[in-house]
1. Within the set of other residues whose C-beta is less than 15 Å from the C-beta of Gly417, count the net charge using Lys and Arg as +1 and Asp and Glu as -1.
2. Tell me whether region 235-341 comes out rounded, prolate or oblate; compute the Cα gyration tensor, take square roots of the eigenvalues as a ≥ b ≥ c, and use a/c under 1.5 as the rounded threshold.
3. Using alpha carbons only, how many angstrom separate the centre of region 165-206 from the centre of region 361-397?
4. Under a crude label model (7 Å from the Cα following the beta-carbon direction), how far is Lys278 from Glu292 in nanometres?
5. Please list log₁₀ I(q)/I(0) at q = 0.14 Å⁻¹ for region 173-281, using the Debye equation with identical point scatterers on the alpha-carbon positions.
6. From the phi of every residue in region 282-298, what ³J(HN,Hα) in whole Hz does the Karplus formula 6.51 cos²θ - 1.76 cosθ + 1.60 yield, where θ is phi - 60° and glycine or proline is x?
7. In the full protein assembly as shown, how much of Ser129 is accessible to a 1.4 Å probe, in Å² to the nearest 10?
8. Putting +1 on Lys and Arg Cβ atoms and -1 on Asp and Glu Cβ atoms, find which of Gly226, Phe350, Asn424 reaches farthest to the positive end of the dipole of region 129-437.
Amino acid sequence: MVIALPQLIIGSMSSSSACFRDVTVGGVRIIQRLHGNSRVLGRQFGDSCHRFYPSFDRGYTGVSADTVKASTLGCSALTSSKIRHISRTSSAGRSESWSVPLSFGSVCSSSFSTATEHRRRGKMVVVPSVKLNDGSEMPVFGLGTYLSKENEGVEALRHAIDIGYRHIDTAFFYQNEKEVGQVIKEKIAAGVVKREDLYIVTKLWNIYHDPAKVEEACKKSLDNLGLDYIDLYLMHFPVGYKFIDDNHLLPKDEAGTLQLSDYDYLDTYKAMEKLVKKGWVKSIGISNFNSEQTDRVLQNCEIKPVTNQVECHPGFNQKKLIEFSKQRDIVITAYSPLARPNPAEKKPAFLFDEKMLAIAEKYKKTPSQIALRYLIDIGTVPIPKSANKKRLEENINIFDFKLTEDEIKVVDSFHTGERINPFNLVKAQNHKYFPFALEF
Ligand SMILES: NC(=O)c1ccc[n+]([C@@H]2O[C@H](COP(=O)([O-])OP(=O)(O)OC[C@H]3O[C@@H](n4cnc5c(N)ncnc54)[C@H](OP(=O)(O)O)[C@@H]3O)[C@@H](O)[C@H]2O)c1
């Protein structure tokens, strides 16, 4: 990620995030969002900037509206009618944005979705993507949905999509796949996003580790979501639970002890590979796997896991697992990236630390934003959950600055080595595949 130079991001009406053109003009980095058949004419763009934004160049070194013309832009294609929002951030962290007047262009003149309104007001954030080991792309920031249920979750997800969230993390276990699917359907029908703009992640729950049950479990998630395919299907945990029926997600005996199963996660994973071959899921991955389990999968799989989704936040920063995974071309998705804040108890400590507050003050951001930006800067993909509009906006608003090496070291120092999700409450730590007995 690249925010060292002054930066100009050109968003467009359609929110497909298929690819970004990346050019530098007069010291300004220009990331131009291209997609489908949208072809962009540099001259039209330069002229449009000049016409609509005469102050385009003010205060920025080496840039003038004139320089942003076809020839210097080096763009051979630009459909000015598709530009709806222009923003840029100076190296000093100052950001400016413009919305293209509605009379300009043809695309969004009629229907006004909330998303369009957000784009118009410059509130829409374009999240970059990371290329995964199977060639697919994952937005480097997503929305967690655990404990987002029913109306609250639906409203939150609607707003999240409107303001630029594209990567949505759910799970069979969260029992909210239907609500997630309902909002996806609604937003596609309203023309806010296309299916291919979204990156939908769900997970195989522990009661379905029997390889013979994996296909059935995936089908249930597809049906719940109302989708033809899932972008990423994760094995939620390497430990399996006994299957009683679909409603017993945490099967317990009469004494209240969790009932485990001893299916080998490797066999479960192999059954998940078949889902890729069937076209039901685009990518597969793992969650809560330790380094040895990851290597065992890698040594025996046909299709590599693209990600390992694990707890990761400044208090438990997973530096060793991140490095280990990077060497194997596996991206770490950071769950509980804010360590589930509890302001009344001033937890987690890193959000209330004075050094954290000083960094936040410097960038005019909140400590939560610094924590999330840190996770991006150390190469992970954070997926904070929020059902609150203001916090949804706050959390995604982290792509206009970058921490320095020294600031990263300060945040590194908040590592305590303590998980907030030890999973020991469910007695799974007695299982042979319990993942958290190793250091990483
Ligand atoms: N694979 C796994 O085993 C696993 C395990 C746990 C989680 N996950 C995934 O990771 C996602 C995120 O993890 P998480 O939900 O455990 O923890 P989290 O995202 O660290 O914390 C969520 C909590 O933080 C609050 N919050 C959100 N933004 C905030 C902000 N800017 N300032 C202060 N508080 C804020 C939320 O409240 P409001 O809603 O009121 O904003 C919510 O209570 C989950 O939703 C789930 O999708 C996966």
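The values are calculated or read from the model by the stated rules, or taken from the named source; none is laboratory data. Keep in mind that what you see is a predicted model, and the values were worked out from it rather than measured. Methodologically, a virtual Cβ is constructed for each residue, glycine included, from the backbone with ideal geometry; neighbour enumeration extends over all protein chains shown. What goes into the accessible areas is simple: the full protein's heavy atoms, side chains included, and nothing from ligands, DNA or RNA. Shrake-Rupley method; radii C 1.70, N 1.55, O 1.52, S 1.80 Å.
1. Net charge around Gly417: -1.
2. Verdict is oblate for region 235-341.
3. 21
4. 3.3
5. -0.58
6. 7, 9, 10, x, 10, 8, 6, 8, 8, 5, 5, 5, 4, 5, 5, 5, 4
7. About 40 Å², rounded to the nearest 10.
8. So the residue we want is Phe350.
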